[in-house]
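J.: Quick one: structure below, then a few questions.
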Amino acid sequence: MQVDLKQSWRIRDVEIPTRVVLAPMAGVSVQAFRRQGRRYGAGLVCSEMVSCAGLQHGNERTLGYLRISSDEHPLAVQIFGSEPGVMADAARMVAAAGADIVDINFGCPVRKVTKTGAGATLLEDPDRACAIVSAVAEAVELPVSVKMRRGLEDGSRDALVVGPRLVEAGAASLTLHPRSAKQMYTGTADHALTRELVDLVDVPVIASGDITSRAKAQAVLATTGASA
């Protein structure tokens, strides 16, 4: 069965017109790139990750990440940090800027992010991860989504443990990049794990990693049951 990539789906009350999502990529997913993504068929686009500490301190460059164009919607803005209260404040700023979804980064494997207790590190601190999601979900009326890696170590299955707890805490959607943080971008994404996550949660799951062609997108959607 061939998957229809132009089928619409929803994250709570946000309708997304196609099953292809433009990933949040640091230094890449700037406004001009997102607008082109929407123009060429991405149903949802996502900002590069935005530091909640930078927003809290009014950093001019960080605030610039919250500039949103009318032709980007639906748009998710991704924030990262490790303190629930600060993340909640950042989420309010994201909502005020006009985003449709607040996305939380629990996947970044880069040392300068993980050493602060943010990014993929939070998969090994599920209580804090859930507290962040809960604080953000209570702070804004927008749907809250979370992007994860499989865990810190190769072969980790932490995402399958943490994922359902994040949904209980208020996440309306999950994105899984099924590589470990240790792998960075080497090897291949294990989408058998994505299939398992889809079966575990009752919210839309976005499959991320190694989606390099139309055929690969269709194959991953067909084999995982992911929403996008």
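The values are calculated or read from the model by the stated rules, or taken from the named source; none is laboratory data. Here the structure is a predicted model, which means the values were calculated and not measured. We place every Cβ from the backbone using ideal geometry, glycine too, and count neighbours over all the protein chains shown. When the accessible area is computed, the model is the full protein with side chains, heavy atoms only, and any ligands, DNA or RNA have been set aside. Shrake-Rupley method; radii C 1.70, N 1.55, O 1.52, S 1.80 Å.
J.: Where does the charge balance sit around GLY187 when Lys and Arg score +1, Asp and Glu -1, over other residues with C-beta under 14 Å from its C-beta?
T.: Details: positive: ARG149, ARG150, ARG179, LYS182; negative: GLU153, ASP154, ASP190, ASP210.
Computed value for this residue: 0.
J.: Follow-up. Suppose a student asked you for the relative contact order of the chain, using Cα pairs under 8 Å spaced at least 6 residues apart; what percent would you report?
T.: Numbers: 503 pairs, mean separation 36.5, N = 228.
Computed value for the chain: 16 percent relative contact order.
J.: Across the Cα atoms of segment 1-131, what radius of gyration and what greatest pairwise Cα-Cα distance (Dmax) are found, in Å?
T.: 15.1, 51
J.: What does the net charge come to around LEU55 if you take all other residues with beta carbon closer than 15 Å to its beta carbon, with K and R at +1 and D and E at -1? Walk me through the numbers on the way to the answer.
T.: On the way: positive: ARG61, ARG67, ARG92; negative: GLU48, GLU60, GLU83, ASP89, ASP103.
With Lys, Arg at +1 and Asp, Glu at -1, the neighbours total -2.
J.: Calculated FRET efficiency, LYS112 and ALA32, Cβ-Cβ r, R0 35 Å, to nearest 0.05? Working shown, then result.
T.: Details: r = 25 Å, r/R0 = 0.71.
Between LYS112 and ALA32 the formula returns 0.90.
J.: Run through the DSSP bridge list for segment 11-152 and note the antiparallel percent, rounded to the nearest 5. Display every interim value, and only then the final one.
T.: Working: 1 of 16 bridges.
Approximately 5 percent, going by the DSSP bridge assignments.
J.: So how far apart, in nm, are the two label points at SER69 and THR188 if each is 7 Å from Cα heading toward Cβ?
T.: So the label points at SER69 and THR188 sit 3.6 nm apart.
J.: Can I ask one more? Give the accessible surface of the chain per residue, rounded to a whole number of Å², with probe radius 1.4 Å and ligands, DNA and RNA excluded. Mind showing how you got there, number by number?
T.: On the way: 10270 Å² over 228 residues.
For the chain, the per-residue accessible area is 45 Å².
J.: Please report the relative contact order for segment 156-228, taking Cα pairs under 8 Å with a sequence separation of at least 6, and give it as a percent rounded to a whole number. Walk me through the numbers before you get to the answer.
T.: Numbers: 89 pairs, mean separation 24.0, N = 73.
With pairs under 8 Å counted, the relative contact order is 33 percent.
J.: Still on this structure: Suppose a student asked you for the relative contact order of segment 97-228, using Cα pairs under 8 Å spaced at least 6 residues apart; what percent would you report?
T.: Working: 250 pairs, mean separation 27.9, N = 132.
So the answer I get is 21 percent.
J.: Give the separation of the Cα centroids, segment 168-228 to segment 29-101, in Å.
T.: When both Cα centres are located, 22 Å separates them.
J.: I'm spelling it out carefully: the read-out is Rg and Dmax of the Cα atoms in Å, the candidates are (1) 19.0, 68; (2) 15.9, 51; (3) 19.9, 59, and one was derived from this structure. Which label?
T.: Read-out taken from this structure: (2).
J.: Another question, if that's okay. Can you give the calculated 222 nm mean residue ellipticity of the chain, where each DSSP H run of n ≥ 4 adds -39,500 (n - 2.57) and the sum is split over every residue, rounded to the nearest 500 deg cm²/dmol?
T.: Working: 9 runs with 84 residues, N = 228.
Taken over the chain, the calculation gives -10500 deg cm²/dmol.
J.: OK, next. If you take every residue apart from ARG19 with its C-beta less than 10 Å away from the C-beta of ARG19, what net charge results, scoring Lys and Arg +1 and Asp and Glu -1? Numbers along the way, then the final one.
T.: Numbers: positive: LYS6; negative: ASP4.
It works out to a net charge of 0.
J.: Run the numbers for LEU200 and GLN7: contour at 0.36 nm per residue of separation, minus the present Cα-Cα distance, in nm. Write out the running numbers ahead of the final one.
T.: On the way: separation 193, 0.36 × 193 = 69.48 nm, distance 2.30 nm.
My answer for the length gained is 67.2 nm.
J.: I need the phi-derived Karplus couplings for segment 33-43: 6.51 cos²θ - 1.76 cosθ + 1.60, θ = phi - 60°, integer Hz, Gly and Pro marked x.
T.: Coupling constants for segment 33-43: 5, 5, 5, 5, x, 4, 4, 9, x, 5, x Hz.
J.: Taking amide H positions as placed in the peptide plane 1.01 Å from N, state which residues far from ILE79 in sequence (5 or more) or on other chains have amide H under 5 Å from it.
T.: Amide H neighbours of ILE79, under 5 Å, 5+ apart: VAL50, ASP103, ILE104, ASN105.
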